[in-house]
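A short write-up of the structure that comes next.
Every read-out reported here was derived from the displayed coordinates using simple, explicitly stated rules and does not represent laboratory data. Everything numeric in this text was worked out from a predicted model, so none of it was measured. Here the Cβ positions follow ideal geometry from the backbone for every residue, glycine too, while neighbour counts run over all protein chains shown.
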Amino acid sequence: MKSLGNIRRAFAPWTDPSAKPFIAFKNVTKRFGDFTAVNDLSLNIYHREFFALLGASGCGKSTLLRMLAGFEQPTSGEIILDGTDLAGTPPYKRPVNMMFQSYALFPHMTVEKNIAFGLKQDGMPKEEITERVSQMLKLVKLEQFASRKPNQLSGGQRQRVALARSLAKRPKVLLLDEPLGALDKKLREETQFELMDLQQSLGLTFVVVTHDQEEAMTMADRIAVMSHGKVVQVATPAEIYEAPNCRFVADFIGDVNIFDGKVTTASNGAVEIAVDSGFTVRTASTDAPAVGSTLGFAIRPEKLRVTRAAPGNASTNAAKGELWDIGYLGDMTVFHVRLPNGNVVKASSLNAQRAVDDPFTYDQEVWVSFDEDSGVVLKD
């Protein structure tokens with residue numbers, strides 16, 4: 001069975017028409033004076049889902065998270081959590097907890113006291129607090145650091161303390177606002193997988209806000225791509241990457257080549273487009289666009305082949321050009337190929353072998369080509 005990308009786990013309640021969302025935003029709008037941060041937005045999130053709100057700064061994702069937490073109130077619309085309308089419910093009475101980007105740890109308290117703080121505020125008996133804190137320390141593997149203060153910890157350790165404190169009250173939903181932004185690249189990548197494993201082992205619903213595409217693609221079951229206060233597409237990471245529903249998503253997620261052109265033929269589930277870069281694209285299309293209509297075609301760099309010789313059928317999905325730039329990135333090599341009309345196409349190739357017998361060099365004449373099912377037609 002073909003699938004758009006590998007599937008991390010067999011979890012997809014959004015495909016079940018009878019499944020009820022755990023969190024529902026219904027026609028939510030939030031205005032700050034004349035500025036509309038969230039615009040008539042509707043969105044469903046399911047129980048035990050790891051959900052990501054992804055977008056550039058100012059798109060409304062953090063405002064949406066803060067409304068769920070109760071720090072902001074919607075101008076209009078409803079927010080439903082586990083069947084309960086949250087309107088009028090203060091933050092401290094909501095079954096959610098938020099982990100902030102800054103971690104917001106108390107510098108004068110030890111690790112265990114930071115974790116215990118919210119439990120003490122709730123009036124939990126001392127014996128239960130001790131047991132719960134011990135569980136949290138074990139969960140985030142910080143038992144030996146219990147008596148240290150935040151300034152005696154690394155960035156990754158402080159992040160774990162903040163996570164343990166957020167989970168100590170056992171919320172129904174954990175909200176994470178740019179949780180890994182303060183970590184270096186290697187530690188951030190390690191922590192992403194730790195968060196995924198932790199979320200599945202606890203069986204909680206996680207909602208994370210991030211502008212980091214790789215972070216969202218790695219951790220989330222589904223991603224909502226946001227722009228100007230609206231959700232543009234909601235789908236799994238593989239669907240977002242391989243089947244973007246519009247030009248904005250295709251361009252925002254990862255690297256992409258987008259060719260514009262006019263439809264020359266459309267029949268039997270396939271379409272041919274004479275693109276402005278001077279070659280013909282032939283690809284599958286579920287719709288039947290009108291001949292003469294203008295479309296875009298998006299294809300990722302890793303789907304392109306760079307060869308010295310022309311492909312077997314150079315009449316479609318192939319173009320001749322000049323090798324303009326080469327970037328060696330270790331795990332892959334990036335090629336920039338300049339076409340006769342001046343457009344530059346980006347291709348990439350995995351460096352599966354340490355040594356290359358006949359390496360490419362600058363200014364060579366090369367061909368770029370791709371298969372019919374390698375890209376996607378964009379309607380807007």
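Roughly what % antiparallel, to the nearest 5, for the DSSP beta bridges in the chain? Of the beta bridges lying entirely in the chain, close to 75 percent run antiparallel.
Among G261, G58, G342, the largest mean-square fluctuation in a Gaussian network model of the chain (Cα springs under 10 Å) belongs to G342. For the chain, the 222 nm mean residue ellipticity estimated from helices alone, with every DSSP H stretch of n ≥ 4 adding -39500 (n - 2.57) and the total spread over all residues, rounds to -6500 deg cm²/dmol.
A straight line joining the Cα centroids of segment 314-373 and segment 225-291 runs 22 Å. With 10 Å bins beginning at zero, the pair-distance distribution over Cα atoms of segment 13-249 amounts to 7, 31, 36, 20, 5, 0 %.
Between the Cα long axis of helix 185-202 and the first principal axis of the chain there is an angle of about 60°, rounded to the nearest 10. Comparing H211, H47, H108 in a Gaussian network model of the chain, where Cα atoms under 10 Å apart are tied by springs, the biggest mean-square fluctuation is seen for H108. Relative to the Cα centre, the charge distribution of segment 1-159, modelled as +1 at Lys and Arg Cβ and -1 at Asp and Glu Cβ, gives a dipole magnitude of about 500 debye.
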